[in-house]
Each structure stands twice: as C-alpha cells, then as structure tokens.
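Single-structure report; data block below.
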Amino acid sequence: MDIRIQGSEVITGRSLGESCGIVALAESVPVGYRLIQSLRIIQHRGQESAGISINTGKALKNYRGMGLVNEVFSGVKLEKDSGMGIGHIRYSTAGSSVLENAQPLYANIGKYEIAIGHNGEIVNAQELKRSLESRGYSFATNSDTEVIMKLLSIELSKTADPILSMKNTFRKLVGAYSLNIMINQRVFVARDPNGIRPLVVGTTEYGYCAASESVVFDQLNGKMIRDVRPGEIVEIRKDDIDSFMYNEDARTAHCMFEYVYFARPDSILDGRSVFETRMELGSILARESPVKEADCVVAVPDSARTHAQGYAEESGIPLTEALIKNRYVDRTFIMPEQAGRESELDIKLNPIRQLIEGKKVVLVDDSIIRGNTTRKIVKLLKKHGAKEVHLRIACPPVRFPCYLGIDMKTKDQFIASNRSLKEINAKLGADSLRYVSLEGLIEATSQTRDKLCLGCLTGKYPVRIGKR
C-alpha cells in the first residue's frame, strides 16, 4: 500500500533524477519511528522529500511526502510493524521535484510487493526506458528509479528468485547507485560496481542496519561493520547479514565530493574519516597557498568548518567564528533552484562586525560551483568592514558536469568553466583566490587516484557517459 502524505505540486521541472540518502533496518522491535529517526540523522543529504516502507507482518506499507522528514511525518500515526523497513530522503539532480518521484517507490506485482529507494543516477536510464516502452511498458514517473523497478519486476516474473533477479537487473545498469530494496518480507541493499555513492552496514542495539552514512549506527546505539563492497548485494536480517557479489571486476571510483561536502564530518566513508580528510585538506591548502599577512581564518559555515580548522592549525592564523549561521535555514547548494539559493543566503549568514572590521580575512570554503553564494559572502564581509578577503577553497575547480548523482549538469553553471584563476576571482571580488591542488585532494582522502571519481574536476568518468 502506497500512502501519499502531502500534495504533489511541482517545485521545479527537470528530467530523470537522483535521490540522496537511504537507510534499511531489520530489528527485533517495530521500526517505523526508528526509520524516521535514522532519516533525520542524514537529513543533510536531501531536503525535497522523504519516505519509508515498513513491513506490517502481512504486507508492505509505503509512506511518502514532500519536505523535510519532520514535516512529512508530523502527526502521522504508524501502525505497529514487524521490525523491517527501508527509508529514503531525496535531493534531485535532474528529476522533477514532485510527489510522484518521492521514494521509496512502491509496486504490487503479482505475488511480489516491492519498495525501492535510490541514491545515485543511472546514466543509461533513458536508453533502458525507451527499450521498455517499445515492449509495451509504461511509466508513471520520470525517475530513473522506476526504470530499476520495472527491470527488477520483469526479472522476478522470470526467475522468482530475488537474488538472481537483482543480479540480472544490476548488470543492465550503468551509473551510480546505492539501493535499498524490500521484496515481500526481505530487505536488501546494493552498491554499484564502482562504489561511487556511499553505503555502509552495521548493527543497532536491536538488530542490523544499512545506511548512506555511518553516523546512523552511532545514534542508534550500534556500530559500523564495514562498507558495502562495490558490486555487492547485502541482505539485512534481524540476526545477521548475508553477502552476494554480482560484479567484482569494475574499477572502484568513490565520489570525491562526498569527502569535500556531502557527508557529515563524523562519518566514515570507505575506511576514511571524513573529519580527518577535511582537516588534512585544510592543512594542505595552507601549505600550498599561504596568505603572508592575515589576521584571522573564517569558515563558511557549516560545511567548511573542518577545512578552516585545518588551515588555521597549519598556518598559525587564529580561527574566528565571524560568520553566524541561522540554524533554521537549509543547505543552499542542494536547494532545487538558484533563486531559492540566493534568497535563502540573505537570511542564512550574518557577520560579526567586531571580529572582521579592519581585518585581513582568510575565507575558507569547501568548494565553489556556480559562484553566486561565494560572491555574496565576499561582498558581505567587505560590507561589514573586512579590509581584505582572501579566498581559499578546499576543492580544485569544478569544470565539468556530474552525471553520477550531484546537481551539476551543464558546464555553463560553473564559474570555473573556461576561465582562468584571475578571471574567476574578478567575478568573485576577493583580494586573492587559490584552490587546493588535485594532488592535494587525492592525498587528503588517503585513496589512490584510480580509486576516486574525479569526473567533475577532470572530465574523465569511471563509466561510459555517452553523448550529452
């Protein structure tokens, strides 16, 4: 049963999309409210919609709505469930932000009830969709997740074996995907053969869990066991987990932007602490691009705090919390439209004049994409008396589109596209601008270059993208 909690008005209109945070629970206690709690822990990964699918003991019940987790589930009474379920929060990269695309998607097909949540983006989704439509299959949404749902349903009707059906389905997909899937009374998670999007498994105080980030286990009184391997399906049970590999030959390519921006600093991704990575990025940035005369280091809150701390410790310049963030305003990068990002920034940050007036400021940010937010912050600091503002960025220039799960689709979005460092800085209005080097980024992640997806920096992707 699929329960739609809120209306389906369009927020923005784009084509095939992606979705950004998943959890799966198998416990000895009812999981409905614990799924909601888990989604709130990773709310930073998506703000457009939220949903859960729970096992009632007899059937699956799917709840979906537009908005933040606490908004979607405010006042919703969940019936007692049997201790298994999946949850999802969405941030679309190219899909319409409407209720029909909210997840988990649900289908009742013959003797199978299926619910699917997806973090990532399927590069060949349109090709697969056209093929299915030519065979008479229709689609209710413009989400690439429905393509996965259709393929899995077809395989289940052939084999009646969930594991084999998933293996056959995933071998048809090209792109990035971490998935949580319920098929009748069984819960699975799976990760694409390149391991592009994060996915981890662990324990809770009542059973086993999988999630996009390890912080879920910390706050459910459990512990992380390990990352889901690239090309692996894991069945989550109340008393254990089972592993099924379907592809072990692909090149590993973890998304570098997870380390730079998306993940919480208290998460562990692919064996590496996000906090330690960001501290090291800040340190490397200070060594590579020092500011000879500066009075303070200021972070763009909250995502650049750790980068700035690393820069300050390495440089010896004091870290000052001179930009105060309104805690009730959401992350501007993952808002669906630029107009929304800019209006939110007006109420998101406010400088403390006494800390920056007459000062030479090193402003540290995690990355620059479009440049609109950065330009406004530089202007804001100078308006409040900063004598100089020197930008230091903990990610190399983003010059190429991402087709694998981040909302960066066209080169004309990027301030760094076809511009020199001097030209970029002229647009931003800072006194100087420096980015961390590509080599510095790779060093900070403790991964080798061939194990990272650097497509948005280099234009070289771990999978075949095709014509765009």
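Take every Cα pair under 8 Å whose residues are at least 6 apart in sequence, average their separation, divide by the length of segment 272-458, and the relative contact order is 23 percent. Here the Karplus relation 6.51 cos²θ - 1.76 cosθ + 1.60, evaluated at θ = phi - 60°, turns the backbone of segment 157-170 into coupling constants of 5, 7, 9, 6, 10, x, 5, 4, 5, 5, 4, 5, 5, 5 Hz, with x for every Gly and Pro. Arranged from fewest to most other beta-carbon atoms within 10 Å of their beta carbon, 373, 203 become 203, 373. For segment 33-39, putting each phi into the Karplus relation 6.51 cos²θ - 1.76 cosθ + 1.60 with θ = phi - 60° gives couplings of 6, 6, 5, 4, 4, 5, 5 Hz, in residue order, rounded to whole numbers and with x for Gly and Pro.
Remark: the residue 139-residue 245 segment gains 35.2 nm on full extension, using 0.36 nm per residue and subtracting the alpha carbon distance. Taking a straight line from the alpha carbon of residue 167, these aspartates and glutamates sit under 16 Å away, with near neighbours fewer than eight places off in the same chain left out: 155, 192, 232, 235, 242, 248, 249. Exposure proxy shown here: for 1, 149, the number of other Cβ atoms within 10 Å sets the order, fewest to most, as 1, 149.
Pairs of Cα atoms under 8 Å, at least six residues apart: use those to get the relative contact order of the chain, whole percent. Provide the component values of the computation, followed by the final result.
On the way: 1148 pairs, mean separation 61.7, N = 468.
Dividing the mean separation by the residue count of the chain yields 13 percent.
A Cβ-based charge dipole, computed about the Cα centre of the chain with Lys and Arg at +1 and Asp and Glu at -1, lands at about 1020 debye. What pairs in 150/409; 172/451; 325/451 have C-alpha atoms more than 28 Å from each other? Beyond 28 Å between Cα atoms: 325/451.
Taking the Cα centre of segment 272-458 as reference, the dipole from Cβ charges on Lys and Arg (+1) and Asp and Glu (-1) amounts to some 480 debye. From least to most packed, judged by other beta carbons within 10 angstrom and beginning with the fewest, 408, 245 follow the order 245, 408. Computed over the alpha carbons of segment 137-220, Rg followed by Dmax gives 14.4, 43 Å. Apply the a/c threshold of 1.5 to the C-alpha gyration tensor of segment 2-250 and tell me whether it is rounded, prolate or oblate. Taking the square roots of the gyration eigenvalues as a ≥ b ≥ c, segment 2-250 is rounded. Distance between the pseudo-spin-label points of residue 383 and residue 420 (7 Å out from Cα toward the beta carbon): 3.1 nm. Which of the listed residues, 25, 224, 390, is farthest toward the dipole's positive end in the chain, when Lys, Arg count +1 and Asp, Glu count -1 at the beta-carbon? So the residue furthest toward the plus end is 390.
Residues whose amide H falls under 5 Å from that of residue 395, counting only those 5 or more places apart or on a different chain, are 436, with hydrogens built in the peptide plane.
Overall form of the chain: prolate. Here a/c, set by the Cα gyration tensor axes a ≥ b ≥ c, is 1.5 or more, and a/b is the larger of a/b and b/c.
Every number here is computed from the coordinates shown, using simple stated rules; none is lab data. In this text the structure is predicted, and so the values were computed from the model without any measurement. Glycine also receives a Cβ, built like all others from the backbone with ideal geometry; neighbour counts cover every protein chain displayed.
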